[in-house]
Structure formats: C-alpha cells, structure tokens
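Reviewing the structure listed below.
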C-alpha cells in the first residue's frame, strides 16, 4: 500500500517535470497523445468508462478536483461508475494545451484546461504519459478546479 508521502512525491514530480524535461519528441509521439486525448474525451461524452480507461496504465493514479486520490485502474473505473450513477448529466472535457517530453522520449507531461460545462466551471489538469511497448498510456492525472 502506498503512503500519502509517496503520492505527494509523485505529485511533486509531475508538477516539476517541465524543469527536467527537454523536447525530444517526434511528431508521431505527440500526435499519438493528442489522438488518445481526443478519443478519451469522446468516450467521456458517451460515459464510456472502458473507452477512457483503455488509455490508463494498470497503476493509474487520479487526483480529482476535490483533492481525493484514487490509485489503480479498477478503483478509478469503479469511482467513475459511482460518479455517473450519482450525476447522470455530468459532462467534462480536457482541452490539451501543451505536451512536453523527457530526454529519453518515453515520458510526457500533458497540461491543459479542464472544463465542466454541466457545472459551468473549469480548472487545470496535468497528465503523466508513459510509452509502454510503443503505446502511450496515462500513468497519472491531477485535476484542479479553479472556478
């Protein structure tokens, strides 16, 4: 079981990752992440949890807008099922603004705007992507509602 200290360190890594990352990406890598984000947003619009989760690693970590932390793909999927059951009209979308890659080219940090049209508020998000066997998957996402 991971401790909150470990999660805090992981969050610190994600927040500071741009300071150590250099742009060693290919257009194909960036397009793969952009395509995955577009498909993920389309799945969210249909409340297709499996369609979103196919872009998550098994050890995916989500820090939600309310500050709660959920670890593990199955646990996050279960939480999303509860979210859609408790609020069937909820809509949200991540609008990608920037992608940075590490020097090795196997990690990427996505930053963007999180919009909740159903609640008329928005915030920011970051996503840590990892290239696994040639496929880009999300390892962690952090959402912060600002208004």
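For the reader, a short list of remarks on this structure follows.
- Label-point separation in nm, residue 132 to residue 97, each point 7 Å along Cα→Cβ: 2.8 nm
- Taking every C-alpha pair closer than 8 Å and separated by at least 6 residues, the mean separation divided by the residue count of the stretch 23-147 gives a relative contact order of 25 percent.
- Relative contact order [Cα under 8 Å, 6+ residues apart], the stretch 78-140, whole percent: 25 percent
Laboratory data are not the source of any read-out in this text; all were calculated from the coordinates shown. All values derive from a computational prediction rather than experimental measurement. All Cβ positions, even for glycine, are placed from backbone atoms using ideal geometry, and neighbour counts span all protein chains on display.
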